Each structure stands twice: as C-alpha cells, then as structure tokens.
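Each remark here refers to the structure printed beneath this line.
Here, each number is a calculation from the coordinates, and none is a lab measurement. The structure presented is a predicted model; accordingly, all values stated were derived computationally and were not measured. Note that each Cβ is placed from the backbone with ideal geometry, even for glycine, and that neighbours are counted across all protein chains shown.
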Amino acid sequence: MNKHIVLLPGDGIGPEILESSVAILEVIATKFNHQFDFDYQLIGGAAIDEVNHPLPEPTVIAAEKADAILLGAVGGPKWDQNPSDLRPERGLLAIRKALDLYANLRPVKGFKQLLHASPLKEKNIQGSDLLIVRELTGGLYFGRPSERQNDGERVIDTLAYTRSEIERIVKKGFESATLRKKKLTSVDKANVLESSKMWREIVEAEKVNYPDVEVEHCLVDAAAMKLITQPNQFDVIVTENMFGDILSDEASVLTGSLGMLPSASLAENGVGLYEPAHGSAPDIAGQGIANPIAMILSSAMMLRYSFGMNQEAETIETAVEACLDQGLHTADLHVKNGTQVSTQEMTEAIINIINS
Ligand code: IPM
Ligand code: MG
C-alpha cells in the first residue's frame with residue numbers, strides 16, 4: 001500500500017521520538033512491501049517561532065489531505081508567558097477541533113517486564129489492561145466563555161456539551177468494549193455536574209443497544225482511587241475531555257512510565273492523528289535519552305486503525321515487548337537489573353528485532 005503520512009514533530013522531545021517512529025516505519029515498509037511518504041509540517045512552539053502561529057494554515061491543509069498524522073509533542077517553558085492564542089497547546093487543541101478528532105483512545109497495559117518499575121504494588125497492578133476512551137473536542141477545553149474578566153477579579157471556563165457530542169463518544173466507548181472484555185465504566189461527576197447528569201442518561205439510553213456489555217457508572221474521584229488500587233477491575237473507561245486527561249496520566253503509573261502510553265485521536269470518517277499521551281518533556285529534550293516507546297506504539301496504532309495493517313502493527317508491538325524482555329529501558333524506567341539505553345539504541349534494538 002502507498003500511504004501519505006503528515007509528521008508534526010512539535011517541541012521538546014517531540015522531534016527526537018518522531019524520528020524513532022519514522023525509522024521504524026521505514027523498516028516496516030520494506031518488510032511488508034509498502035510505500036510510506038512523509039510530509040513534515042509545523043505545529044506548537046516550533047510553528048510560533050517560525051511563522052508566529054501555533055497551527056499554521058498549511059499544516060491544516062496538509063493534515064486534511066493525509067492518510068494519517070503522527071505528532072510528537074507540543075509546549076515548553078519558552079512559550080509559557082505568551083498570550084493564550086500564542087501558546088503551543090493552542091495548536092494541538094486547534095488541530096483536534098479542525099479535524100473533529102473527538103475520540104481519543106489511550107490503551108494502558110501493564111507490561112509484565114515493567115510491573116516492578118511501577119511505584120504501585122505489583123500484586124495490585126498485575127494483569128491490568130485497560131482502554132481510556134477520552135472525549136477530545138468538547139468540555140472545558142473548548143467551552144465559551146473562557147476568559148479573565150476585565151476587572152481581573154473573576155475568571156470563567158465553561159463546561160459545555162451537546163447531546164450528540166456525548167452520544168458519539170459514548171457509542172465509541174461501547175464499541176470499544178465490544179471488541180475487548182465487554183465491560184464499560186462511564187466516569188462522570190453526576191452528583192454535582194449537569195453535564196455529567198446528561199452523560200449518565202445517555203449511557204443508560206445507549207446500553208440497550210449493546211446487551212453483551214456490562215456497564216457501570218463511577219464518579220471521577222472514586223475512579224481515580226480505583227485506578228491505582230484495583231486497576232484490573234477496568235476494561236474500557238469512557239469519559240469527558242478533562243477527566244480523561246487527568247485519569248490517563250494517572251493510569252500511566254501502571255505502566256511504569258508516562259513514556260509508555262500511546263494514543264489515537266479519531267474522527268467519525270476522517271483522518272486519524274496519533275501521538276504519545278505524554279508531553280514535550282523540555283527538561284530532557286536534545287539529550288537523546290527520551291523514551292521513544294509511546295511514540296512508536298502510537299505509530300503501531302496508526303497502522304492498525306488508519307491503514308488496517310494489523311500484522312504490521314503487531315510486528316512493532318511484539319518487537320517492543322522483546323526489547324523489554326531483554327531488560328532494555330530508557331532512563332525514565334526504573335528497571336531492576338536492566339540495561340539503560342538511549343533513544344537511538346532503543347530504536348535500533350526494536351528495528352533489529354523487526355528485521356530478525
Ligand atoms: C494530552 C496533553 C494535552 C491535553 C495538552 C498538551 C494540551 O496533556 O494530550 O493529554 O491536555 O489534552
Ligand atoms: Mg494530558
């Protein structure tokens with residue numbers, strides 16, 4: 001197959017880890033007889049520096065025409081004092097909105113080789129394998145008004161959802177559960193928030209269409225606790241934008257490092273965007289020590305979800321596991337008796353296994 005992939009390196013460790021993914025995709029292309037062509041475009045702080053806009057028009061045009069998009073990460077202290085519309089994160093939110101990437105899938109799998117690298121008790125996290133389905137284009141991130149009022153004494157952010165926005169993500173949650181262990185946990189704050197009450201009603205109405213899926217509702221505070229005390233109780237979690245943001249960082253602790261967590265942001269019919277769940281880690285950028293695995297696993301998700309290349313995706317995932325079996329790890333992972341390697345060494349080790 002011929003596929004056209006737009007690459008958005010962004011900031012911090014974004015460019016380094018994206019290069020790892022590109023190297024691996026090239027090897028996959030050769031092995032499976034595909035042709036991938038890559039088109040680099042600007043986003044985030046890099047775009048602000050270059051053209052004074054976090055999401056330049058040519059990036060959106062290229063992204064709309066792509067078969068899929070890979071994104072590194074955005075943000076960094078350099079732009080922290082910028083006005084809101086000139087912050088790198090604005091570029092990320094704007095591309096999610098422009099491409100209607102409403103469904104963010106974040107699989108969280110406790111690799112057996114890394115169980116001891118988590119600060120949590122091994123016995124509690126053993127067997128944890130869950131998927132967070134996070135709503136990505138609504139809620140507090142996009143509600144209007146969102147402003148500091150002119151007296152400077154009052155600020156407003158708005159949590160708004162339409163029925164159809166909730167319905168489509170809830171359906172995605174049910175569909176995802178159908179393909180997995182058939183358990184859906186809907187996370188909300190229905191004891192307080194109006195938006196959560198509507199969310200819960202919609203889940204209740206939708207569940208008749210998925211009779212094999214067991215459904216539970218969980219308040220977000222309780223869910224936060226259960227995620228680290230009994231994570232293997234979860235299969236699919238469906239939740240609104242902000243709750244999903246917070247819970248997915250929390251869930252990454254199960255994997256030993258945020259550097260292990262991939263994600264897919266999907267539209268109804270359009271192009272998909274794949275990015276690690278972690279940020280741009282400006283403190284370690286340029287040192288060659290970043291963990292490329294979340295980015296590499298994100299490109300495996302791209303192969304599976306956007307191109308239907310299941311075998312190719314599995315080849316990458318199996319190679320990552322094999323590297324972990326060998327005890328290889330980057331500096332973010334506290335592996336006992338392992339071998340600490342650089343970003344590039346980890347990438348090469350994965351490539352060697354794919355080629356073997
Ligand atoms: C994420 C990130 C982003 C978010 C930031 C960088 C805007 O934390 O993808 O989880 O909050 O969505
Ligand atoms: Mg986040």
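Just a few scattered comments:
- Of the residues M242, M309, the one with the fewest other Cβ atoms within 10 Å heads the list, and the complete ranking is M242, M309.
- Ratio Rg/Rh [Cα only; Rh per Kirkwood] for region 119-254: 1.02
- Exposed loop sites here mean GluC sites (Glu not before Pro) with a DSSP loop assignment and at most 14 other beta-carbon atoms within 10 Å; the chain contains its longest site-free run at 1-152.
- Computed across the chain, the Kirkwood radius stands at 20.8 Å (inverse of mean 1/r, all Cα pairs).
- Each residue of region 244-261 is assigned a 3J(HN,Hα), and the resulting list reads x, 4, 5, 5, 6, 5, 4, 5, 4, 4, 5, 8, x, 6, 4, x, 9, 9 Hz, derived from the Karplus form 6.51 cos²θ - 1.76 cosθ + 1.60 (θ = phi - 60°), x at Gly and Pro.
- Average projection area in nm² (convex hull over Cα atoms of region 41-137, one quarter of hull surface): 8.5
- Fraction of antiparallel bridges per DSSP, the chain only, in percent to nearest 5: 35
- DSSP bridge orientation in region 119-254 - percent antiparallel, rounded to nearest 5: 20
- Sequence-ordered 3J(HN,Hα) estimates for region 168-180 from the Karplus curve with 6.51, -1.76 and 1.60 and θ = phi - 60° stand at 5, 6, 5, 4, 4, x, 4, 4, 5, 5, 4, 7, 10 Hz, glycine and proline given as x.
- Restricting attention to region 119-254, the count of lysine pairs at 8 or more positions apart or across chains with alpha carbons under 14 Å apart stands at 10.
- Value of relative contact order over the chain, rounded to a whole percent, pairs C-alpha under 8 Å and six or more apart: 22
- Centre separation in Å (Cα based) which lies between region 289-351 and region 52-98: 26
- nm² value of the averaged projected area, convex hull over the Cα atoms of region 286-337: 4.2
- Value of Rg to Rh for region 92-140 (Rh from inverse mean 1/r over Cα pairs, i.e. Kirkwood): 1.20
- About the Cα centre, charge dipole magnitude for the chain (Lys/Arg +1, Asp/Glu -1 at Cβ), debye: 840
- Listed by chain and number, the lysines whose alpha-carbon sits under 19 Å from that of K65, ignoring those within fewer than 8 places in the same chain, are K3, K97.
- Relative contact order of region 119-254, pairs being alpha-carbon contacts under 8 Å that are 6 or more residues apart, as %: 39
- Within the same chain, aspartates and glutamates fewer than 8 places from K31 are excluded, and of the rest, those with a Cα less than 14 Å from its Cα are E312, E314.
- Computed helical MRE - 222 nm, the chain, DSSP H runs ≥ 4 contributing -39500 (n - 2.57), nearest 500: -12500 deg cm²/dmol
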